[in-house]
1. Using the charge dipole of the range 1-97 (Lys, Arg: +1 at Cβ; Asp, Glu: -1 at Cβ; taken about the Cα centre), state which of 43, 88, 74 has its Cα farthest towards the positive end.
2. Which of the trypsin sites (Lys or Arg not before Pro) found in the range 1-75 are in a DSSP loop and have at most 14 neighbouring Cβ atoms, other than their own, within 10 Å?
3. Counting other Cβ atoms within 10 Å, keep those with at most 12, restrict to DSSP loop, and tell me which GluC sites (Glu not before Pro) in the range 1-106 are left.
4. What does the charge add up to near residue 12, with Lys and Arg as +1, Asp and Glu as -1, over the other residues with Cβ less than 13 Å from its Cβ?
5. Compute the acute angle (0 to 90°) between the alpha-carbon long axis of helix 8-23 and the principal axis of greatest extent of the alpha-carbon atoms of the chain; round to the nearest 10°.
6. Please turn the phi angles of the range 38-54 into ³J(HN,Hα) values with the Karplus equation 6.51 cos²θ - 1.76 cosθ + 1.60 (θ = phi - 60°), one per residue in order, whole Hz, x for glycine and proline.
7. Using the Karplus curve 6.51 cos²θ - 1.76 cosθ + 1.60 with θ = phi - 60°, what ³J(HN,Hα) values do you get for each residue of the range 71-88, in whole Hz, with x for Gly and Pro?
8. For the range 127-169, what is the accessible area per residue in Å², given a 1.4 Å probe and the full set of protein chains?
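The values are calculated or read from the model by the stated rules, or taken from the named source; none is laboratory data. Bear in mind that the values here come from a model prediction, so they are computed numbers and not experimental data. Reconstructed Cβ throughout: ideal geometry from the backbone, glycine too, with neighbour counts over all protein chains shown. Side chains included, ligands, DNA and RNA excluded: accessible areas come from the protein's heavy atoms. Shrake-Rupley method; radii C 1.70, N 1.55, O 1.52, S 1.80 Å.
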Amino acid sequence: MYSACMSTPERLIESTRELLWERGYVGTSPKAILERSGAGQGSMYHHFKGKPDLALTAIRRTAAELRATAEGVLGGPGTPYERIEAYLLRERDVLRGCPVGRLTMDPDVVASDELREPVDETLDWLRERIAGIVEEGREQGQFAASLDGEAIAATVVATVQGGYVLARASGSPAAFDAGVRGLLSLLSPRH
């Protein structure tokens, strides 16, 4: 499954990332990690302090990847509306859900300050980044002066995360797509 040139720690991290997304923290057993990674017995404890340490490393990597992907679109060319539109319309595996948002539904992650921290930081970063873009659009006169950047950013994040949940529940990306279209029509620039 993994490249022969990928190190054992890398295989363990990538396996854990995938399993956390698929099964959550409780469902990600050390045995499943070892089987998925093809690593030998004891490898996890040789490279990491245990499952919590490996999971934290995996969560941090997933969070960093999500931020980089979002920044690639939000920091790209275009007007503030076009950048938010590009973020909302970017290619996603909607039925699989968000790998970071998924962790917010995991009671063991939420109960652990350490495991929850990269999740909180990522969602906070995303809201702040989008709020800044909305403020930029207000300053340019593209968005109504009455728009609250923080409230709009919270709405964008809630639409994406809620859209994942609704799409998974129905087994169709249509609910996600409808939420995004609705939000974009509400944000559509004034003329």
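1. Toward the positive end, the furthest listed residue is 43.
2. 49
3. In loop regions of the range 1-106 (DSSP not H, G, I, E or B), the sparsely surrounded GluC sites (Glu not before Pro) are 91.
4. Cβ neighbours under 13 Å give a net charge of +2.
5. 60 degrees
6. Ordered by residue, 3J(HN,Hα) equals x, 7, x, 3, x, 4, 4, 7, 6, 9, 9, 6, x, 4, x, 5, 5 Hz.
7. 5, x, 8, 5, x, x, x, x, 6, x, 4, 4, 6, 5, 4, 4, 5, 5
8. 49 Å²
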